[in-house]
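First up is the structure itself, then whatever we jot down about it.
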Amino acid sequence: LELKSRVTRMFKEKVQDIGTTFLAKYKEVHKDKKEVILIDMFLLFSFLTGVVQFIYLIIAGQFPYNSFCAGFFSALGVFVSTACLRMQVVAPEDFDNIPKERAFADFVVFNVLLHFVVIMFMG
């Protein structure tokens, strides 16, 4: 029992150390890039939305299946389009130096079309 508690404590300390190191390095790298931090927060929100929907499917069942599919694919589509927006904002030279405004406009147009399809899929 003592060995198990010691291993658990060591595991918690290691995970906490990894998290602290990650956050310190993230803040150091992105300290001047507020839009990248905002995009990352939205990526996290979109990911967690998909995870919560999937957990709800497992717990509550799949009765309105097309509603689950629409919600899950909406979260997935928003996550992918936000990841693309982040790539275009962080490294515009990889995308023919398009301005941030153009990248954001593409993001908005894609999300409008995505949610139009999601609403049509729900019926």
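Among the residues of segment 1-14, those that are open to solvent by 90 Å² or more (accessible area, probe 1.4 Å) and either part of a helix (DSSP H, G or I) or of a type in the set (Gly, Ala, Ser) (or both) comprise Glu2, Leu3, Lys4, Arg6, Arg9, Met10, Phe11, Lys12, Glu13, Lys14.
Just need a number here: residues in segment 61-79 that are surrounded by fewer than 14 Cβ atoms within 10 Å (Cβ to Cβ) and part of a helix (DSSP H, G or I). Explain how you work it out, then say what you get.
First, the residues of segment 61-79 that are surrounded by fewer than 14 Cβ atoms within 10 Å (Cβ to Cβ): 61-66.
So of that shortlist, the ones also part of a helix (DSSP H, G or I) come out as 65-66.
Number satisfying all stated conditions: 2.
Looking only at segment 100-120, residues that are open to solvent by 100 Å² or more (accessible area, probe 1.4 Å) and among the acidic types (Asp, Glu) come to 1 in all. What are the residue pairs meeting all of these: first residue in segment 34-48, first residue surrounded by 15 or more Cβ atoms within 10 Å (Cβ to Cβ), second residue assigned to a helix (DSSP H, G or I) and of a type in the set (Lys, Arg), Cβ atoms under 6 Å, and 6 or more apart or on different chains? Every condition considered, the pairs that remain are Ile39/Arg86. Do we find that Lys12 is at pLDDT below 95 and either farther than 27 Å from Arg86 by Cα or within 17 Å of the chain's Cα centre (by Cα) (or both) in this structure? Yes, satisfied. So is Gln16 without any contact (Cβ under 8 Å) to a residue 24 or more places away in the chain, touching a helix residue (DSSP H, G or I) at 6+ places or on another chain (Cβ under 7 Å) and more than 21 Å from Val118 (Cβ to Cβ) or not? When the stated conditions are applied, Gln16 does not pass them.
Considering segment 80-99, the residues that are open to solvent by 60 Å² or more (accessible area, probe 1.4 Å) and not in a helix (DSSP H, G or I) include one that is nearest to Phe110 (Cα to Cα), namely Pro99. The residues on offer are Asp106, Asp17, Asp32, and the sole one that is among the acidic types (Asp, Glu) and outside any helix (DSSP H, G or I) is Asp32. Asn111 fulfils the conditions (1) on the phi > 0 side of the Ramachandran plot; (2) in contact (Cβ under 8 Å) with a residue 24 or more places away in the chain except for a single criterion, (1).
The values are calculated or read from the model by the stated rules, or taken from the named source; none is laboratory data. Bear in mind that the values here come from a model prediction, so they are computed numbers and not experimental data. With ideal geometry, Cβ positions are generated from the backbone for all residues, glycine too; neighbour counts draw on all protein chains shown. For accessibility, only protein heavy atoms count, side chains too; no ligands or nucleic acids. Shrake-Rupley method; radii C 1.70, N 1.55, O 1.52, S 1.80 Å.
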